[in-house]
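> Take a look at this one; I'll ask things after.
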């Protein structure tokens, strides 16, 4: 590295700086405003953050150790100053911002806030412990700690979502200290565990493949409430991998209509230049008929030999998106059961989905998750 003074003397610099987030590595530090103390985003429909000469911002690697500048360890948090182009002054050196990385992946944390929600729930906030003592919240969840059920999450879907950074491997899901079951949640989700749990509740042999199948998408996935791809930066996306931000969701639904709907909503926020306040949650419990009695049985992903139950499989996944600028919102719901023959029993409000011209997929395919929409008041 060279000093700022020597580099400035030997080069003709532009008048402003730019950070192209597409060229930043996946383990890039958080880019924080010194005034708002929040994460900095590019303008809508763009991937470049522009700053004037001598503008400053803060970079931090919460939970990730140190900031590495050309292989040199700086600190976990520091202020950087715009010089020109992609070059910033960092700790007395002139550095291309695209070369600045964290020594390991930025890590998020989840904590109870002490607030209650939805009568039976406890509020949990998920975000980053900034080195200066602040907690930078990314989303909140409402969690039923009796049935270990994520009731809903709340977050802001920014209008800048159109140029989100993608790629990189998914992290291990974090159980934190919220579940306290006899088995780790990571060991409950694999097919080898979920198949016998479901079959015991339905009076089937443990290895029966009627519902949880060895091939295809007929199994229960970790369904995000706050979607990974609803955040701009990789560190934010990784923060969605806390189990309190998930519920059991049939992959036939998770990978198809729910996925298409979330993509439609991101396109809506981006093309309409609007920050959406989004709530995503679960409702009811999925049922399937008992093999002997024929009666509907409410299903749980966790079911032990003593009839202890947890992680209910939701009947519905829902999302409420609110546009505070236009004071308008919509509720969209999807049936989380590829085997459900009677759709009408899960229609809990008047369907107005045909009025939403931005839904661009076939929402009526049951195996992919039948979806409908309601006014917020009706919902």
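The values are calculated or read from the model by the stated rules, or taken from the named source; none is laboratory data. Computed from a predicted structure; not experimentally measured. Ideal geometry is used to build each Cβ from the backbone, glycine not excepted, and the neighbour counts take in all protein chains shown.
> Looking at 84, 104, which one is at pLDDT below 95 and either in contact with a helix residue (DSSP H, G or I) (Cβ under 9 Å, 6 or more places away or on another chain) or surrounded by fewer than 17 Cβ atoms within 10 Å (Cβ to Cβ) (or both)?
Result of the check over 84, 104: 104.
> Can you find a residue that is under 26 Å from residue 46 (Cα atoms), in contact with a strand residue (DSSP E or B) (Cβ under 6 Å, 6 or more places away or on another chain), crowded, with 22+ Cβ neighbours inside 10 Å and modelled with pLDDT of 95 or more anywhere in the range 273-283?
The answer is yes, given that some residue of the range 273-283 is under 26 Å from residue 46 (Cα atoms), in contact with a strand residue (DSSP E or B) (Cβ under 6 Å, 6 or more places away or on another chain), crowded, with 22+ Cβ neighbours inside 10 Å and modelled with pLDDT of 95 or more.
> Can you tell me which of 292, 376, 366 is touching a strand residue (DSSP E or B) at 6+ places or on another chain (Cβ under 6 Å) and at pLDDT 95 or above?
Unique residue meeting the criteria: 376.
> Which one of these does residue 194 not meet: (1) in contact with a helix residue (DSSP H, G or I) (Cβ under 8 Å, 6 or more places away or on another chain); (2) modelled with pLDDT of 95 or more; (3) not in a helix (DSSP H, G or I)?
Residue 194 satisfies all of (1) in contact with a helix residue (DSSP H, G or I) (Cβ under 8 Å, 6 or more places away or on another chain); (2) modelled with pLDDT of 95 or more; (3) not in a helix (DSSP H, G or I) except (3).
> For the range 311-379, which fully contained strands (runs of 3 or more DSSP E) count at least 2 residues that are surrounded by fewer than 21 Cβ atoms within 10 Å (Cβ to Cβ)?
Correct list: 316-323, 328-335.
> Can you tell me which of 140, 169 is outside any helix (DSSP H, G or I), at pLDDT below 95 and out of contact with any helix residue (DSSP H, G or I) (no Cβ under 7 Å at 6 or more places or on another chain)?
Only one candidate qualifies: 169.
> Moving to a separate point now. Please enumerate the residues belonging to the range 251-264 that are touching a helix residue (DSSP H, G or I) at 6+ places or on another chain (Cβ under 9 Å) and buried (at least 22 other Cβ atoms within 10 Å of the Cβ).
Once the filter is applied, which keeps residues that are touching a helix residue (DSSP H, G or I) at 6+ places or on another chain (Cβ under 9 Å) and buried (at least 22 other Cβ atoms within 10 Å of the Cβ), the range 251-264 yields 252, 253, 257, 258.
> Contact list please: Cβ distance under 6 Å, first residue in the range 139-155 and closer than 19 Å to residue 249 by Cα, second residue in a loop (DSSP other than H, G, I, E, B), pairs at least six apart or on different chains.
Short answer, once both residue conditions are applied: 142/118; 144/120; 148/179; 150/225; 151/118; 153/225; 153/226.
> Now, a different point. Which residue, of 40, 19, 67, is surrounded by 15 or more Cβ atoms within 10 Å (Cβ to Cβ) and touching a residue at least 40 places away in the same chain (Cβ under 8 Å)?
None of the other options fit; the residue is 19.
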